[in-house]
Amino acid sequence: MKIIPELQDSIEFYIFWIFAGLVFIQLLYSIFFFGRLAFWKNKTVSSDFPPVSIVIAARNESDNLYQNLPKILEQNYPAPFEVIVVNNQSIDDSKYLLDALSRQYSNLVITEVERSKHLAPSKKFPLTMGIKKASYEHLVFTDADCAPASNLWLRKIVEKFSDKKQIVLGYGPYNKRRGFLNKIIRFDTTMIAVNYFSMALNRIPYMGVGRNMAYTKSAFQSTSGFKSHYSLISGDDDLFIQEAARKNNYTIQPDPESFQYSEAKDSWKSFVLQKSRHYTTSPHYKVFKKMMLGIYPASLILMLIFFILLAFQSGWWIHALAGFGFVTLIKWWLLGVCFKKLKSPGFIALLPLTDLVYVLVLPFFYYSALQKNSSKWK
């Protein structure tokens, strides 16, 4: 059995060292990105709690508003806060419900957007209306179908603000339900969070989730709002972040008490449409961020291919197994710590397999998004 390839073995020589290079890339990425999140210490940035405006854009959400809005309005927060609900062209009972709740809660502010065929089917217009209506500089965003993990949600998000930190990226997991689809969606959501948290910690912020993020009016005005990508259905939680996050003015909040939970899609069709819509903004990413986001899945797929090629070369399977096994164990460990931090321990046991399947499926969603755009908000 050969210890290292010999120069005269031309094919095996190149296969081995390409494979070794891919193993190195995977190892480097895992340590510098997943490892950064895995061992990041979550500390309170500020003990000052400014007055806050919570903005919720809602469309035909009467049931969700009835169930979740009181949990937002009754947050345990030591300073004044208002909840602005922008009722965007709803045709259900949202208006009547909000009117009733406004008589019960003095901190509820309602803005009505009348139906119009000229309005784009996205959240950007109602969000902009809510921001203009806001009385305070510090803004927190969530959705009508989200329920805070605790009554300390607002406190946990806002405590990450400071003079230097104007953007806070939170996490919005889905509720655990029975079924394989629910598991797929929850894994996908956790993996996305691991990626955007890790990227942000390495000073490459590229997205947050609109159902749980915060920023100041100043940060919003610094980009002229959503002006540069207003024509796109999506972009309020990724393209905006890429423009507004600069000079380390952002931070993350992975504290479990700061999570916002919602219900996952209940059909494969709706899930695929949702994923495809999310990818419609990716062609507008800068080349560097596209490259950084593509390094991990591309190198993992290539590493698998070269691992298989080496495994079928007589005398080389031990090299392939050693390299592939080593990097898999390191990733298993680091990703496992990340998943545990985000309260998803149930996925840790099968992480090596699910991680591999995940990157093989991702191109399907990406190219599906390029083929068609979903014009349906929510």
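For a quick check: sort D255, D236 by the number of other beta carbons within 10 angstrom, fewest at the front.
Numbers: D255 20, D236 24.
Taking fewest neighbouring Cβ atoms as first place, the list is D255, D236.
What's the longest bit of the chain with no exposed GluC sites (Glu not before Pro), using DSSP loop states and at most 10 other Cβ atoms within 10 Å as the test? Spell out each step's value before the answer.
On the way: sites that count: E6, E114.
Counting at most 10 other Cβ atoms within 10 Å as exposed, the longest clean stretch of the chain is 115-378.
Could you tell me the calculated FRET efficiency between E114 and V361, based on Cβ-Cβ distance and R0 = 41 angstrom, to the nearest 0.05?
Here the calculated transfer efficiency is 0.50.
Specify the angular offset, from 0 to 90 degrees and rounded to the nearest 10, of the alpha carbon long axis of helix 351-371 from the longest principal axis of the alpha carbons in the chain.
Once rounded, one gets 60 degrees.
Quick check on the chain: take the gyration tensor over C-alpha atoms, sort the square-rooted eigenvalues as a ≥ b ≥ c, and tell me if it's rounded (a/c under 1.5), prolate or oblate.
prolate
Grab the beta carbon distance between E137 and S270, set R0 = 30 Å, and tell me the FRET efficiency rounded to 0.05. Don't skip to the end; give the middle numbers.
Numbers: r = 37 Å, r/R0 = 1.23.
Step by step, r from the Cβ atoms, then E = 0.20.
Which order results if K265, K286, K340, K160 are arranged by neighbouring Cβ count within 10 Å, fewest first?
The fewest-first ordering by Cβ neighbours comes to K286, K340, K265, K160.
Once you have the Cα-Cα distance between I91 and N248, take 0.36 nm times their residue separation minus that, and quote the gain in nm to one decimal.
Residue separation times 0.36 nm, minus the Cα-Cα distance, leaves 52.3 nm.
Mean residue ellipticity at 222 nm from the helices of the chain, using -39,500 (n - 2.57) per DSSP H segment of n ≥ 4 over the full residue count, to the nearest 500 deg cm²/dmol?
Values: 13 runs with 178 residues, N = 378.
Helix-only estimate at 222 nm: -15000 deg cm²/dmol.
Where in segment 113-157 does the amide nitrogen come within less than 17 Å of the point 7 Å from the Cα of A79, taken along Cα to Cβ?
134-141, 152-157
Quick check: the angle from helix 180-201's long axis to the longest principal axis of the chain, C-alpha only, nearest 10 degrees?
Its long axis makes an angle of about 90 degrees.
Under a crude label model (7 Å from the Cα following the beta-carbon direction), how far is S162 from K290 in nanometres?
So the label points at S162 and K290 sit 3.6 nm apart.
Roughly what percent of Cα-Cα pairs across segment 159-198 reach past 13 Å? Don't jump to the answer; show the numbers that get you there.
Working: 462 of 780 pairs.
I get 59 percent for the Cα pairs in segment 159-198 exceeding 13 Å.
When the chain is fully extended, how far beyond the present Cα-Cα distance does Q67 get from N151, taking 0.36 nm per residue of separation?
That pair, Q67 and N151, stretches by 28.8 nm at full extension.
I want the antiparallel fraction of DSSP beta bridges within the chain, as a percent rounded to 5. Mind showing how you got there, number by number?
Working: 9 of 32 bridges.
Taking every DSSP beta bridge within the chain, about 30 percent pair in antiparallel fashion.
We did not get these values from a lab; they are worked out from the coordinates using the rules stated. It should be emphasised that the depicted structure is a prediction, and the values quoted were computed from it without experimental measurement. Reconstructed Cβ throughout: ideal geometry from the backbone, glycine too, with neighbour counts over all protein chains shown.
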